[in-house]
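The values are calculated or read from the model by the stated rules, or taken from the named source; none is laboratory data. The structure displayed is predicted, hence computed values, not measured ones. Every residue, glycine among them, receives a Cβ derived from its backbone with ideal geometry; neighbour counts consider all protein chains shown. Calculation scope for accessible area: heavy atoms of the full protein, side chains included, ligands and nucleic acids excluded. Shrake-Rupley method; radii C 1.70, N 1.55, O 1.52, S 1.80 Å.
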Amino acid sequence: MTAPHLPVLLDEVVDAMQPRAGKLLVDGTFGAGGYSRALLAGGAQVIAFDRDPSAAKFADGLPADRFRLVEGRFSELDAETGPAALDGVVLDIGVSSMQLDEAERGFSFMRDGPLDMRMAADGPTAADLVNEADPAEIARILFGYGEERESRRIARAIARRRDEQPFTRTLELAEFIEKTLGGRRGAKVHPATRSFQAIRIAVNEELAELEAGLAAAERALKTGGRLCVVTFHSLEDRIVKTFFAVRAGKTPAGSRHAPPVEAAAAPSFQLLFSGAQGPSEAELAANPRARSAKLRAAVRTDAPVWRAAA
């Protein structure tokens, strides 16, 4: 089945992962299968993970002797593969473009659909959060995950409105937030953008999943194995940047989202390159959605796995 979107930073990911025969790699965020196909084309064996059951249709035609799709979270990858078993792990963090484009999934306010936003088929929906969470919790989510400066104002307005009529549709919530903030006033970015991002992250526990996934990859990679992570916004990138810096023996400055961390063990990763790689001009011309993408990558050393913080 033809993939409905372009995998971001594909050439850079393949170059970093170095797929070839005899290697066992994990694509932790299968989506439409773009990374998996490229890794398989290099001759590697691939185990892919995706908690979205609709992703399974994109696995049709992939070689059964070298590919397996697991319906589950990438934070559980080491439970599936065992410790020190993998030659590489790639993670593409956030919502996929195919999920954004499917109105019935409720991820985007550009198309009307049910207020859902779940990547998997179970658990509380965005409507459950918006209609049932305490206003203080909604404000915390909007500010912490969306960096929305008007978080308290929006949360109070949502609480007043839901008492009269619960929110059920994406456009309904987006238009309400826009009205609450006084309209666009010429802004290029829709006033609901930050709120929708924050609600989606909260519904899917994305940042906690990312932190757990990075730790799982550390456990599952063998010496010389490579971990590549593609992110799309600052909250995700900050977590990845901090993880790599600390595990590589550096101690980055703290921030509101990532307090200072002191090195506590021998470095378990060596950075593959300094900083983050972004899309080329050619990729941006072909796929404007890649504009905020960043790739960070590191190589597993022979040091023991770091113990979880108490």
Review point. Of the residues Glu76, Glu132, Glu104, which is open to solvent by 30 Å² or more (accessible area, probe 1.4 Å) and modelled with pLDDT under 95?
Key: Glu104
Exercise for review: Kindly establish whether His190 is in contact with a Ser or Thr (Cβ under 7 Å, 6 or more places away or on another chain) and not acidic (Asp, Glu).
Suggested key: no
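Being closer than 18 Å to Asp116 by Cα, in contact with a Phe, Trp or Tyr (Cβ under 7 Å, 6 or more places away or on another chain) and either open to solvent by less than 10 Å² (accessible area, probe 1.4 Å) or touching a residue at least 40 places away in the same chain (Cβ under 8 Å) (or both), is that true of even one residue in region 201-223?
Here is the first cut: in region 201-223, the ones closer than 18 Å to Asp116 by Cα are 201-206.
Subsequent filtering for residues that are in contact with a Phe, Trp or Tyr (Cβ under 7 Å, 6 or more places away or on another chain) retains 201-202.
Now restrict to residues that are either open to solvent by less than 10 Å² (accessible area, probe 1.4 Å) or touching a residue at least 40 places away in the same chain (Cβ under 8 Å) (or both): 201-202.
Yes: one or more hits.
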Review point. Identify, please: which residue in region 53-94 is in contact (Cβ under 8 Å) with a residue 60 or more places away in the chain and over 30 Å from Phe269 (Cα atoms) and is, among those, farthest from the chain's Cα centre (by Cα)?
Key: Gly61
**Study point:** The lone exception for Gly82 - which of (1) touching a His at 6+ places or on another chain (Cβ under 9 Å); (2) within 15 Å of Ala217 (Cα to Cα) it fails
**Key:** (1)
Check your understanding: Does region 238-250 contain any residue that is open to solvent by less than 20 Å² (accessible area, probe 1.4 Å), modelled with pLDDT of 95 or more, in a loop (DSSP other than H, G, I, E, B) and among the hydrophobic types (A, V, I, L, M, F, W, C)?
Key -> no
Point to revise | region 45-62, residues that are of a type outside the set (Lys, Arg) and crowded, with 21+ Cβ neighbours inside 10 Å | key: Val46, Ile47, Ala48, Phe49, Asp50, Ala55, Phe58
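Here is a yes/no grid of residues against (1) loosely packed, with under 14 Cβ neighbours inside 10 Å; (2) on the phi > 0 side of the Ramachandran plot; (3) in a helix (DSSP H, G or I):
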position: Val8; (1), (2), (3): no, no, no
position: Glu12; (1), (2), (3): no, no, yes
position: Arg20; (1), (2), (3): yes, no, no
position: Phe30; (1), (2), (3): no, no, no
position: Tyr35; (1), (2), (3): no, no, yes
position: Leu39; (1), (2), (3): no, no, yes
position: Gly43; (1), (2), (3): yes, yes, no
position: Ala64; (1), (2), (3): yes, no, no
position: Glu80; (1), (2), (3): no, no, yes
Practice item. Filter region 283-310 for residues that are open to solvent by less than 60 Å² (accessible area, probe 1.4 Å) and free of Cβ contacts under 8 Å to residues at least 12 places away in the same chain and give the result. Key: Leu284
Point to revise | Residue list for region 43-62, restricted to those being touching a strand residue (DSSP E or B) at 6+ places or on another chain (Cβ under 9 Å) and over 27 Å from Ala121 (Cβ atoms) | key: Ala44, Gln45
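Could you tell me which of the residues Thr193, Thr180, Thr168 is open to solvent by less than 40 Å² (accessible area, probe 1.4 Å) and of a type in the set (Val, Ile, Thr)? Let's see the steps before the verdict.
Details: Thr193 fails: open to solvent by less than 40 Å² (accessible area, probe 1.4 Å); Thr168 fails: open to solvent by less than 40 Å² (accessible area, probe 1.4 Å).
One residue alone meets the criteria, Thr180.
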Exercise for review: Among the numbered conditions (1) of a type outside the set (Asp, Glu); (2) open to solvent by less than 70 Å² (accessible area, probe 1.4 Å); (3) more than 22 Å from Gly113 (Cα to Cα), tell me where Arg156 comes up short.
Suggested key: (2)
Check your understanding: How about region 135-153: which of its residues are in contact (Cβ under 8 Å) with a residue 12 or more places away in the chain, part of a loop (DSSP other than H, G, I, E, B) and surrounded by fewer than 17 Cβ atoms within 10 Å (Cβ to Cβ)?
Key -> Glu147
**Study point:** Conditions (1) at pLDDT below 95; (2) more than 21 Å from Ala216 (Cα to Cα); (3) open to solvent by 50 Å² or more (accessible area, probe 1.4 Å); number of the one not met by Gln277
**Key:** (1)
